[in-house]
Amino acid sequence: MRRSWIPIAIFAAVLTVAVGVGLWRAGVFAEGLPDVPSCDDLANAMPERTAGTWTVRRTVPPRTLTTSTASCEFAFSSADQRFHGEISVDMWGHTDAEALRDDVESFPCYGATATTPQADVAYLASRHCQEVIGDRTRVGMSAATDHRFAHVLVAITGPTAAADETANTAHDIARSTAKQALHLAAST
């Protein structure tokens with residue numbers, strides 16, 4: 001009976017650490033970090049860069065909780081209706097450029113490393129990956145500036161397009177989305 005509190009204490013400690021890590025990852029303790037655009041800001045800016053419909057499906061964490069991190073999910077349909085799919089964006093602000101460079105290298109890359117026709121010289125670091133699963137092309141791009149990180153995952157289909165055209169379109173969407181995530185002014 002005397003040691004029956006040990007499992008409860010272990011559980012409480014693990015729960016406390018898990019909640020703390022979750023709050024930290026959500027940016028609750030991120031005072032003083034650079035702001036990032038909201039998912040709505042990004043959705044409103046993107047049709048000028050990549051013509052089509054950008055519908056916000058999910059936003060985490062709520063903007064009232066933090067302005068230095070955002071995770072967005074969009075439904076996308078191109079203006080000509082040839083391409084459609086989902087786009088996920090994770091972005092956060094940070095004051096340590098080396099940490100942002102490390103984030104680019106360590107963030108999951110889906111598929112094989114892809115070369116892109118345009119160099120991403122405007123970034124501290126960037127990385128592109130691509131994989132094709134059936135008729136769906138997934139392109140992941142991680143990039144960082146001196147104060148922001150963005151990871152974009154584009155998963156689109158183009159039933160009437162050639163495979164290379166779908167891949168090029170996915171890369172274009174990833175590049176333009178990352179550019180906006182890294183450079184668009186943040187609203188509060």
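Of the chymotrypsin sites (Phe, Trp or Tyr not before Pro) in segment 103-188, the ones in a loop by DSSP (not H, G, I, E or B) with at most 16 other beta carbons within 10 Å are Tyr110. When the surface is traced with a 1.4 Å probe over the full set of protein chains, Asp103 keeps roughly 40 Å² accessible. Judged by the gyration tensor of its Cα atoms, with axes a ≥ b ≥ c, segment 45-148 is oblate; a/c meets the 1.5 cut and b/c is at least as large as a/b. With every protein chain in place and a 1.4 angstrom probe, the accessible-area ranking of His84, His128, largest first, reads His84, His128.
With the simple model of a label 7 Å out from the Cα in the direction of the Cβ, Asp80 to Ala186 spans 3.7 nm.
Were the residues from Arg58 through Arg136 laid out at 0.36 nm apart, the gain over their Cα-Cα distance would be 26.0 nm. Once backbone amide H atoms are built at 1.01 Å from N, Ala114 has His128, Cys129, Gln130 as its partners under 5 Å, excluding neighbours fewer than 5 places away on the same chain. Relative to the Cα centre, the charge distribution of segment 39-179, modelled as +1 at Lys and Arg Cβ and -1 at Asp and Glu Cβ, gives a dipole magnitude of about 240 debye. Per residue, how much accessible area does segment 40-188 have with a 1.4 Å probe, in Å²? About 47 Å² of surface per residue is accessible.
Among the trypsin sites (Lys or Arg not before Pro) within segment 45-108, those in coil by DSSP and having at most 15 neighbouring Cβ atoms inside 10 Å are Arg63.
Annotation: extensible slack from Thr113 through Thr160 equals 14.3 nm (criterion: 0.36 nm per residue apart, minus Cα-Cα distance).
The values are calculated or read from the model by the stated rules, or taken from the named source; none is laboratory data. Keep in mind it's a predicted model, so treat the numbers as computed, not measured. Cβ: placed from backbone, ideal geometry, glycine included. Neighbour counts: every protein chain shown. Accessible surface areas use protein heavy atoms only, side chains included; no ligands, DNA or RNA. Shrake-Rupley method; radii C 1.70, N 1.55, O 1.52, S 1.80 Å.
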